[in-house]
1. Beta carbons within 10 angstrom, averaged per residue: use that to sort the peptides 106-112, 133-139, 150-156, highest first.
2. If packing is taken as the mean number of other Cβ atoms within 10 Å per residue, what is the order of 123-130, 57-64, 44-51, 98-105, highest first?
3. Step through the residues of the stretch 27-32 one at a time and calculate ³J(HN,Hα) from phi using the Karplus curve (6.51 cos²θ - 1.76 cosθ + 1.60, θ = phi - 60°), rounding each to whole Hz and writing x for Gly and Pro.
4. For the stretch 96-105, what does the Karplus curve 6.51 cos²θ - 1.76 cosθ + 1.60, with θ = phi - 60°, yield as ³J(HN,Hα) per residue in whole Hz, taken in order and with x for Gly and Pro?
5. Please work out how much accessible surface Arg66 shows to a 1.4 Å probe, ignoring ligands, DNA and RNA, in Å² rounded to 10.
6. Using a cut-off of 14 Å between beta-carbons, work out the net charge of the residues near Asn28 (Lys and Arg +1, Asp and Glu -1, Asn28 not included).
7. Taking amide H positions as placed 1.01 Å from N in the peptide plane, with prolines and chain starts having none, which residues 5 or more places from Cys143, or on another chain, fall under 5 Å of its amide H?
8. Classify the stretch 102-151 as rounded, prolate or oblate from the Cα gyration tensor: take a ≥ b ≥ c as the square roots of its eigenvalues, call it rounded if a/c is under 1.5, otherwise prolate when a/b beats b/c and oblate if not.
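The values are calculated or read from the model by the stated rules, or taken from the named source; none is laboratory data. The structure displayed is predicted, hence computed values, not measured ones. Glycine also receives a Cβ, built like all others from the backbone with ideal geometry; neighbour counts cover every protein chain displayed. For accessibility, only protein heavy atoms count, side chains too; no ligands or nucleic acids. Shrake-Rupley method; radii C 1.70, N 1.55, O 1.52, S 1.80 Å.
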Amino acid sequence: MALPSSFFFLSLFVIFFSLFYTITLAQNSPQDFLDLHNSARANVNVGPMSWSDTVAAYAQDYASQRAADCQLIHSGGPYGENIYWGSTEEFTAADAVGWWVAEKQYYDYESNSCSAPPDESCLHYTQVVWANSVQLGCARVTCNIGGTFITCNYDPPGNFNGERPY
């Protein structure tokens with residue numbers, strides 16, 4: 001006896017949705033955030049960071065607070081911090097970290113300065129590669145107003161005036 005075609009399509013839908021959900025989660029795992037940071041650090045011969053559940057809990061608490069409005073306001077807490085907002089729910093760890101690392105083009109190591117055009121920065125990048133920052137914790141939330149808010153926190157913090165990141 002053949003199964004009805006609706007059963008076949010329902011089965012395909014369940015398999016597709018499960019695969020999509022798994023892939024989406026995999027793009028935002030602690031290891032994804034860590035790998036992306038450590039790759040950027042390796043490119044400038046800076047040692048890897050490790051994941052900190054304590055720092056991640058701080059990041060999650062702050063991200064949860066920002067979920068209502070997703071304004072790009074820093075927490076002012078004890079850690080270094082990069083924040084990111086994407087206009088849809090599909091934005092991932094790779095989008096946020098990629099955005100921060102793309103600022104490398106504006107960082108001039110020789111002068112230890114940011115040569116970014118107006119409204120640009122290189123401080124997100126320098127925090128990612130700050131050699132003394134050795135622990136990382138990140139969080140991602142869906143915004144109540146739409147979009148995605150991502151924050152990564154760094155322990156100890158970086159970006160001290162007059163100091164080089166590496």
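1. Top to bottom by mean Cβ count within 10 Å: 150-156, 133-139, 106-112.
2. 123-130, 57-64, 98-105, 44-51
3. Residue by residue, the stretch 27-32 yields 7, 9, 6, x, 5, 4 Hz.
4. 5, 5, x, 4, 5, 5, 4, 6, 3, 4
5. Rounded to the nearest 10, that gives 40 Å².
6. That works out to -4.
7. For Cys143, whose amide H was placed from the backbone, the distant partners under 5 Å are Thr148, Phe149.
8. On the way: a/c = 4.71, a/b = 1.55, b/c = 3.04.
Taking the square roots of the gyration eigenvalues as a ≥ b ≥ c, the stretch 102-151 is oblate.
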